[in-house]
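The values are calculated or read from the model by the stated rules, or taken from the named source; none is laboratory data. Only a predicted model underlies this, so the values are computations on that prediction, with no experimental measurement involved. Here the Cβ positions follow ideal geometry from the backbone for every residue, glycine too, while neighbour counts run over all protein chains shown. Remember, those area values only see protein heavy atoms, side chains included, never the ligands or the DNA or RNA. Shrake-Rupley method; radii C 1.70, N 1.55, O 1.52, S 1.80 Å.
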Amino acid sequence: MFRRFLIACVMALLTSPACAGNIAVLVDISDQTMSVQVDGVPLHIWRVSTGRKAHRTPTGFFHPTRMAAVYYSKKYDNAPMPHAIFFLGGFAIHGTEYVRSLGVPASHGCVRLHPSNAALLYSLVHQYGAQNLSIRIKS
């Protein structure tokens, strides 16, 4: 009986945004990688595609401004942007169908991820709360 109670309490703590950990995303433009940590514990390192020369990805520290599980770019011919986490105007971290381009600059400024990695990141942010996500993009 006590064991079930303890498991229920731990699960409630882990899934409650009020008790959530901090999610830190670091995008390294020079390496074309993204690392994800929760409460300082490294969870993932993924290849990404950031902006091409004429469409640079903004650098600095950001927090999400909005999220959309399904989104299509109004600016770029309704290009799909699944699991989009917007951080500055129209710039977002999102999934891409161009997975062969991951690891090299290829976007119009967004941070592109493999669709399954974008879904996983989106799920983490949804679970822990967007207010607990910090995004750092460095060149």
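Extending each Cα 7 Å along its Cβ direction at residue 61 and residue 130, get the distance between those two points in nm, one decimal.
Calculated label separation equals 2.0 nm.
Can you tell me how much longer the chain between residue 138 and residue 28 gets when fully stretched, taken as 0.36 nm per residue apart minus their C-alpha distance, in nm with one decimal?
39.1 nm is the gain from fully extending residue 138 to residue 28.
Calculate for the chain the 222 nm mean residue ellipticity that helices alone would give, adding -39,500 (n - 2.57) per DSSP H run of length 4 or more and normalising by residue count, nearest 500 deg cm²/dmol.
-6500 deg cm²/dmol
Could you check what % of the DSSP bridge pairs in the chain are antiparallel, to the nearest 5?
Approximately 70 percent, going by the DSSP bridge assignments.
How do 43-49, 77-83, 60-66 rank on mean C-beta neighbours within 10 Å, highest first?
Going by the mean number of other Cβ atoms within 10 Å, highest first, we get 43-49, 77-83, 60-66.
Beyond 16 Å, what share of the Cα-Cα pairs of the range 34-115 remains, rounded to the nearest whole percent?
Cα-Cα pairs in the range 34-115 separated by more than 16 Å: 51 percent.
Share of the chain's accessible area from carbon and sulfur, percent, 1.4 Å?
60 percent
Kirkwood Rh and Cα-based Rg: tell me the resulting Rg over Rh for the chain, rounded to two decimals.
Using Cα coordinates only, the ratio equals 1.04.
Express in nm, to one decimal, how much length is gained between residue 72 and residue 116 on full extension, taking 0.36 nm for each residue of separation and deducting their alpha carbon distance.
Result: 14.1 nm gained on full extension.
When ligands, DNA and RNA are left out and all protein chains stay put, how many square angstrom of accessible area per residue does the chain have with a 1.4 Å probe?
Accessible surface, normalised per residue, equals 58 Å².
Along each of its three principal axes, how wide is the spread of alpha-carbon positions in the range 73-139, in whole angstrom units, largest first?
Taking max minus min along each principal axis of the Cα atoms, the range 73-139 gives 30, 27, 24 Å.
Please report the net charge: other residues with Cβ closer than 9 Å to the Cβ of residue 108, K and R +1, D and E -1.
Charge balance near residue 108 sits at +2.
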